[in-house]
1. Taking the Cβ of Gly32 as the center, what net charge do the other residues with Cβ under 10 Å away carry, scoring Lys and Arg +1 and Asp and Glu -1?
2. Run the reach check for Lys9 against lysines, Cα to Cα strictly under 20 Å, same-chain hits fewer than 8 apart removed. What comes back?
3. First select every other residue whose beta carbon is under 13 angstrom from the beta carbon of Phe177; then total the charges, Lys and Arg +1, Asp and Glu -1.
4. Which entries of Lys18/Lys129; Lys99/Lys122; Lys18/Lys99 have Cα-Cα distances beyond 18 Å here?
5. For the stretch 83-157, what's the relative contact order in percent, using C-alpha pairs closer than 8 Å and at least 6 residues apart?
6. Relative to a virtual label point 7 Å from the Cα of Ala73 in the Cα→beta-carbon direction, which members of the stretch 118-161 show backbone nitrogen distances below 20 Å?
7. Relative contact order of the stretch 1-75: what whole-number percent is it, with Cα pairs under 8 angstrom and at least 6 residues apart?
Amino acid sequence: MSRHSIQDKVVLIAGGAKNLGGLLARDLAAHGAKAVVIHYNSASTRAAAEATATAVEKAGAKVALFQADLTKAAAMEALFTNAVAAVGRPDIAINTVGKVLKKPILEISEAEYDAMSDINAKSAFFFLKEAGRHVNDNGKVITLVTSLLGAFTPFYASYAGTKAPVEHFTRAAAKEFGARGISVNAVGPGPMDTPFFYGQEAADAQAYHKSAAALSPFSKTGLTDIEDIVPFIRHLASEGWWMTGQTILMNGGYTTK
């Protein structure tokens, strides 16, 4: 089994039911993954998780489904422990979990801030911790952040602000896990054509984002096509041994930093 290939690898995807996570599960199975562990958050996403699981099995990979609230450290530990029991130690661990909130600072409640911090920062920290414990030597660990980390913009303080710590978590984990040949990176896409984006943006903001990037005319909607993000993450998950501790910000599927 080559360490620079998806073939015969075990993959774990937190937030792997739908959107980018679901497409990654399908893609990595199609590229030869031996098994794919799909995490989903709640009963409302179970149907999507099961549809993704069916597609993964049709591609020839074994699949395991787990539901969990990953804002609890014990739940993250259980996810990895159960995954190992079901399909073996992961070679590739990908975290797509996140929550977005577009709201002025003056209007954000303590409860909203705590929820954003738990989902975007705390869950990412404990994902990296458990990945460090369970991922095989020469493995790959990838977390999704946001291109807003490189932006100067209002109303996303609680979103980008709670994703920002993941940059440091990534660098620290890369240093700590590197002796085992494990690469750790974060990918920050631009606004993606998924419900994750549309749920927070009014019509005028949607129109702006669909035309704001120089490459907007080259995507299906003007937003980032998730189909363009998947090959880059696949590359990091296979040949990406040469890069670690990096946050790669992307717009329309093309690297900008």
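We did not get these values from a lab; they are worked out from the coordinates using the rules stated. Treat the numbers as computed from the prediction; the structure is a model and nothing was measured. Here the Cβ is made from the backbone with ideal geometry for all residues, glycine too, and neighbour counts use every protein chain on show.
1. That sum, taken over residues with Cβ under 10 Å, equals +1.
2. Within the straight-line limit of under 20 Å, Lys9 reaches these lysines: Lys34, Lys58, Lys62, Lys140.
3. After counting each charged neighbour, the total is +3.
4. Lys18/Lys129
5. The value is 53 percent.
6. 118-135
7. It comes to 31 percent, rounded to a whole number.
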